[in-house]
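First the structure, in the form of structure tokens, and then the observations on it.
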Amino acid sequence: MNNDTTSTSSTTTTNEAIEVVFGQRGDKNGEFSNPTGVAIDANGHIYVAEFYGHRVQVFSSDGDFLYKFGSDGAGDGQLSRPTGTRSTLLLVTH
């Protein structure tokens, strides 16, 4: 994962590996401000935690922006410099 401009997610099935590259530097939907963690759920949704963006963005398995959550702070629904690893499964209910 390149922390400056893009997020790369890859997943491996029994006989194949898939790599999706998407995003650019910025603070709009689908853009990244120091991505620090990536997780993929059972439906193939890609979760990207952003350290300086104080948010998590969610993408389809093709890299299309779906939604985001979080803002800077310590209150309900707020995140302060979220991080994670590729082995972390982030569970979200809504």
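Can you name every residue in segment 43-53 that is of a type in the set (A, V, I, L, M, F, W, C), over 16 Å from E19 (Cα atoms) and either assigned to a strand (DSSP E or B) or at pLDDT below 85 (or both)? Hit for segment 43-53 is A49, nothing else.
Checked against the criterion of being of a type in the set (V, I, T), out of contact with any helix residue (DSSP H, G or I) (no Cβ under 7 Å at 6 or more places or on another chain) and at pLDDT 85 or above, the candidates V92, V20, V56 yield just one match: V56.
Residues of segment 21-52 that are touching a strand residue (DSSP E or B) at 6+ places or on another chain (Cβ under 7 Å), touching a residue at least 24 places away in the same chain (Cβ under 8 Å) and small (G, A, S): G23, G30, G37, A39, A49. Among the residues of segment 37-64, just one is surrounded by 17 or more Cβ atoms within 10 Å (Cβ to Cβ), more than 10 Å from the chain's Cα centre (by Cα) and among the hydrophobic types (A, V, I, L, M, F, W, C), namely F51.
The values are calculated or read from the model by the stated rules, or taken from the named source; none is laboratory data. Worth saying up front: this structure is predicted, and the values here are computed from it rather than measured. Backbone-built Cβ (ideal geometry, glycine too); neighbour counts: all protein chains shown.
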